[in-house]
Each structure stands twice: as structure tokens, then as C-alpha cells.
1. Based only on Cα atoms, what Rg/Rh ratio does region 16-66 have, Rh being taken as Kirkwood's radius?
2. So if each residue of separation counts as 0.36 nm, and I subtract the Cα-Cα distance between residue 69 and residue 89, what length gain in nm does that give?
3. Could you check the spin-label model distance between residue 23 and residue 132? Points 7 Å from the Cα along Cα→Cβ, value in nm.
4. For the chain, with only Lys/Arg (+1) and Asp/Glu (-1) charged at the beta-carbon, what is the dipole magnitude about the Cα centre, in debye rounded to 20?
5. Short version: ³J(HN,Hα) in whole Hz for each residue of region 168-176, in order, from phi by Karplus 6.51 cos²θ - 1.76 cosθ + 1.60 (θ = phi - 60°), x for Gly and Pro, what are they?
6. What is the distance, in nm, between label points placed 7 Å from the Cα along the Cα-to-Cβ direction at residue 4 and at residue 62?
7. Measure out, as a whole number of angstrom, how far apart the alpha-carbon centroids of region 84-139 and region 6-21 sit.
8. Applying 1/(1 + (r/R0)^6) with R0 = 25 Å to the Cβ-Cβ distance of residue 178 and residue 111, what FRET efficiency is obtained, to the nearest 0.05?
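Values in this text are rule-based calculations from the coordinates and carry no lab data. Model, not experiment: these values are computed from the prediction. Neighbour counts are summed over all protein chains in view; Cβ atoms, including those assigned to glycine, are modelled from backbone coordinates with ideal geometry.
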Amino acid sequence: MGDVFVERMVKKKFESTDALVVAGVVIGVTVVTFLGFFVGLLIIGMPMITLLIAAGAIWGGYKLISMRMLEFEYSLTNGFVTVDKIMNRSTRKRMTSFECDSCEDIGKYTENEARLKTRSFDTRVFATQFADHRDSWYMIVRSGKTGKTLVVFDPDEDLRDAIKKYIPRPLKFEKFGRN
């Protein structure tokens, strides 16, 4: 078997919860700026403090809003999988990494969600396009850094086929049959 490399990017959809967070941040920045103006000019009499408070609030608000713009990258290289979170197309954070041969279970998440919510895991990684995890898959794996990990993600058919090659044979036959 030659080298196998599959990489996929999934952009998280902007949903109503994201809109509520953005609205809350905008309201918060407005309130902090107003309070900064009130304290800086009227109470202390220092306009520079007003500008610093306003600039800090706007910068903080921008950072909070940009953290809601997420993409997830899944890469598989010869049975080793990494899942990264990319915020605002600038900051990358490794969520987990594992060998496919450590996989204990795999399947469609929505069909097993109730059972998986009651199980105990060291880490739960949700790297999906939608907050309700529709059309998502799960893997239960052992990772050196994150321990027993539930990974919920949105692999396309090519990535699923690549993963099938590296999971333990009994699990592959149980979940996917002989194909």
C-alpha cells in the first residue's frame, strides 16, 4: 500500500447562536465605550482614558467576533489523523491527533447521539459544520495527548474510505461489511 494523504476543510456555518453572540458583543462594546466616556471625561476629566477604553473595547470585540469564524481541517497521513480548528483564517489550534488503529468505534453521530452523550470520555472534540451535528460521523479513539476521545466530524466519502483502510479489521467488518 502506497502513501495515503487526504486533507479536508469544513467551514462552520454561521447560525443563530453566532448572531446572538455578535449582537451581545456589539452591545457590550457600546456599553463599555459609553461607561469609559462617562468615567474618563465626566468623573476623572481625562479624555485620553476615554480613547483607550474605547479602543480596547473595540479591539476586544473584534477578537471575540472573529473567533466565531471557524474552519476545521482534517488530515489523514498513512493512518495518522489530525483535527485542527482555524479561527478567522489566521489562528490554528490542534484539537486532537490520533492513529486510526486506536479506533474503538465509528459511525453516524445522529444515530448514536443519545448513547454517546451518556458515555464518559477524557475529551470530546466537535469539529462539524452545523451545531446540531447533522450528517456528522463520530470516532472513539485513544490519543496520547487527549486520552479516550470522542471525535465528531464531517468527513466526505474519500476521507471515510481512507480511514476504513486503517481502523482495526474487526471494527471495519462490523461497521462497513466486507466492502
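1. Values: Rg = 12.3 Å, Rh = 11.2 Å.
Value, to two decimals: 1.09.
2. Details: separation 20, 0.36 × 20 = 7.20 nm, distance 0.79 nm.
Using 0.36 nm per residue and subtracting the Cα-Cα distance, I get 6.4 nm.
3. 1.9
4. Details: 27 positive and 22 negative charges, 61 e Å.
Result for the chain is approximately 300 debye, rounded to the nearest 20.
5. x, 4, x, 5, 4, 5, 5, 8, 10
6. Here the modelled spin labels are 4.4 nm apart.
7. With region 84-139 and region 6-21 each reduced to a Cα centre, they are spaced 14 Å.
8. Calculated value: 0.75.
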